[in-house]
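Presented below is the structure to which this report refers.
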Amino acid sequence: MAQPPPTGQAETSRPGAPVPPRMVRYASAVLYVMAALQLAMAASAIHIVLTVDDADREAVTAFSDAAVAIVAELGVAAAIAALMVLAGIFVTRGRSWARILAIVTVVLQFCTGLAAAEREFGGAVLGEAGAAAYAAWQAQHPAATIVGQVLSVLLVLAPIVLIVLLVTGSARAYFQHRQAVKEWTPPTFRAS
């Protein structure tokens with residue numbers, strides 16, 4: 001009969017595999033949340049592109065360049081989200097390369113979060129005409145504007161939380177190279 005794992009430790013699917021520390025499990029969960037935030041921001045960008053008022057031709061013409069930038073953001077968001085899910089899976093397994101991938105994707109998400117925050121809070125990332133058209137769109141859609149602003153702030157703050165979780169002492173120790181396997185010594189036979 002199998003004995004339950006010691007109190008405070010989760011079962012692992014691999015026998016003999018070390019249980020990841022709490023900070024690593026939290027970091028993995030934050031990676032999944034960040035991937036969801038990235039996709040939510042992409043959905044918000046799709047909503048923006050689809051709800052542009054066609055009646056205002058001048059604003060739509062000015063907004064077309066901004067729409068191209070938003071569509072490009074969608075591709076980047078999907079790629080970053082896929083990398084985050086991949087890193088989240090392998091971070092809990094103690095893979096050092098997954099920790100590096102997580103930090104690289106977090107830096108990428110931080111950059112896209114800054115761009116989204118600048119767009120949401122009236123920055124110049126869209127150009128003067130695009131910013132004016134986007135401001136008009138925001139005035140017509142206040143609820144979507146608030147959601148976009150909250151998402152953009154979370155896209156900037158979540159990477160900072162993840163980096164803090166991945167550089168804690170317990171997480172660093174978990175990703176260190178495993179102890180070397182003792183060298184095998186062949187059995188000796190005694191002549192009798």
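For region 137-173, a residue qualifies if it is under 18 Å from S44 (Cα atoms), over 20 Å from the mean Cα position of the chain (by Cα) and touching a residue at least 40 places away in the same chain (Cβ under 8 Å), and the qualifying residues are W137, Q140, H141, A144.
The test for being at pLDDT 80 or above and more than 14 Å from the chain's Cα centre (by Cα) does not hold for I89.
For V60, the criteria (1) at pLDDT below 70; (2) farther than 25 Å from A78 by Cβ; (3) not in a helix (DSSP H, G or I) hold in every case but one, which is (3).
As a summary of the residue check, A131 satisfies the conditions (1) aliphatic (A, V, I, L, M); (2) closer than 22 Å to V85 by Cα; (3) at pLDDT below 85 except for the one numbered (2). The set of residues from region 95-108 being of a type in the set (G, A, S), buried (at least 20 other Cβ atoms within 10 Å of the Cβ) and either modelled with pLDDT under 85 or farther than 17 Å from L155 by Cα (or both) comprises just one member, A98.
Quick one: P159 ticks every box in (1) at pLDDT below 85; (2) of a type outside the set (A, V, I, L, M, F, W, C); (3) not in a loop (DSSP other than H, G, I, E, B) except a single one, so which number is it? Just one mismatch for P159, condition (1). Residues that are more than 25 Å from V167 (Cα to Cα), at pLDDT 75 or above and either not hydrophobic (A, V, I, L, M, F, W, C) or not in a loop (DSSP other than H, G, I, E, B) (or both) occur at least once in region 26-40. Inclusion of L126 among residues that are part of a helix (DSSP H, G or I), at pLDDT 85 or above and not hydroxyl-bearing (S, T, Y) is not warranted.
The values are calculated or read from the model by the stated rules, or taken from the named source; none is laboratory data. The model shown is predicted, which means the values in this text are computed figures rather than measured ones. Glycine also receives a Cβ, built like all others from the backbone with ideal geometry; neighbour counts cover every protein chain displayed.
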